[in-house]
């Protein structure tokens, strides 16, 4: 009688499609020769988080031996109060990335399709592939979401449509009426409005009102951007109770840490800090865009906390990136988003923006631009 060979990582295969997933690459944070570079590659808030959030983190550290809240009631109540939403229709995740994954595993799978735009956030494709669904990238119109193209790209197999508005990495956005038109045209699918950058677009509710009315719309938000809590990983979603109930059944009981919950609650209540960050970002974003345009580097109007700088070709973009690095400035190459001739530049503080503008000006002048 022969013994059965023990299973190994080589003989136990993962689910089909898993090994086809391209690993997500986060924005760089180090550059040779510069011990303290200016990081403008991950769309982080250069002013950090609210002082109230910092105090909440410190206070939560004293109870680090205790498990966090399992229902996130305090944070959901604060979100509901600030945004005028029903806390019962809110769910919190370890960043909005976790909620993207829940949606894909809950509503997509083998034999179904997940739609997103050609320059959309890379996690949409990854989430579809981990769920065994077919990812479908739909063209944009000059780096702007094209609702007609999304509607035309939908099929009876479409179960999930991701739309980032404002979009990452382009910074462009479309009107709420267009988002509603999309949702009504694909009743067989959940439309996930990824509103990670909504706070940077003045007067924009991220699609909350649409998610309040339509049965197939979910709004995703994050504390990683304007609230400056990227290191704590807190996000949230708002939508129909039926959808939130489904996602709640997938959520781990302690998926958000106690410091994260405390900091997020303090951050969202500090509306004065949030507004200061929004206004200052908008001012510096416009100034940097104008400076780059004067240097021969155009960008589309951005409604987020970054600019997508466009160069004549990939070689020029990569050479400019190298020049920025030599000056201790780290931005983001976006060839992985189908934009090899572009660099995404986070809006830093006033000094950082001035340094970027001058570095790009020198680079372009040296190339005879």
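What to note about this one:
- For the stretch 75-93, the tally of residues that are out of contact with any strand residue (DSSP E or B) (no Cβ under 7 Å at 6 or more places or on another chain) and either under 16 Å from residue 250 (Cα atoms) or in a helix (DSSP H, G or I) (or both) stands at 7.
For (1) in contact with a strand residue (DSSP E or B) (Cβ under 9 Å, 6 or more places away or on another chain); (2) more than 19 Å from residue 275 (Cβ to Cβ); (3) modelled with pLDDT of 90 or more; (4) not in a helix (DSSP H, G or I), each residue gets a yes or a no:
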residue: 10; (1), (2), (3), (4): no, yes, no, yes
residue: 14; (1), (2), (3), (4): no, yes, no, yes
residue: 22; (1), (2), (3), (4): no, yes, no, yes
residue: 25; (1), (2), (3), (4): no, yes, no, yes
residue: 29; (1), (2), (3), (4): yes, yes, no, yes
residue: 43; (1), (2), (3), (4): yes, no, yes, yes
residue: 48; (1), (2), (3), (4): no, no, yes, yes
residue: 53; (1), (2), (3), (4): no, no, yes, no
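- Candidate set from the stretch 289-317 (those that are surrounded by 23 or more Cβ atoms within 10 Å (Cβ to Cβ) and out of contact with any strand residue (DSSP E or B) (no Cβ under 6 Å at 6 or more places or on another chain)); member that is farthest from residue 50 (Cα to Cα): 311
- Test: residue 368 is at pLDDT 95 or above, at positive phi and either over 23 Å from the mean Cα position of the chain (by Cα) or not assigned by TED's automatic domain parsing to the domain that holds residue 43 (or both): no
- Residue list for the stretch 189-216, filter: crowded, with 24+ Cβ neighbours inside 10 Å and farther than 18 Å from residue 96 by Cβ: 189
- Residue check for residue 245: outside the structural domain of residue 44 (by TED's automatic domain parsing) and under 19 Å from residue 164 (Cβ atoms): no
- Taken together, the residues in the stretch 266-275 that are part of a helix (DSSP H, G or I) and more than 20 Å from the chain's Cα centre (by Cα) amount to 5.
- Number of the exception - residue 36 against (1) modelled with pLDDT of 95 or more; (2) under 22 Å from residue 344 (Cβ atoms): (1)
The values are calculated or read from the model by the stated rules, or taken from the named source; none is laboratory data. All values derive from a computational prediction rather than experimental measurement. So basically every Cβ, Gly included, is an ideal-geometry build from the backbone, and we count neighbours across all protein chains shown.
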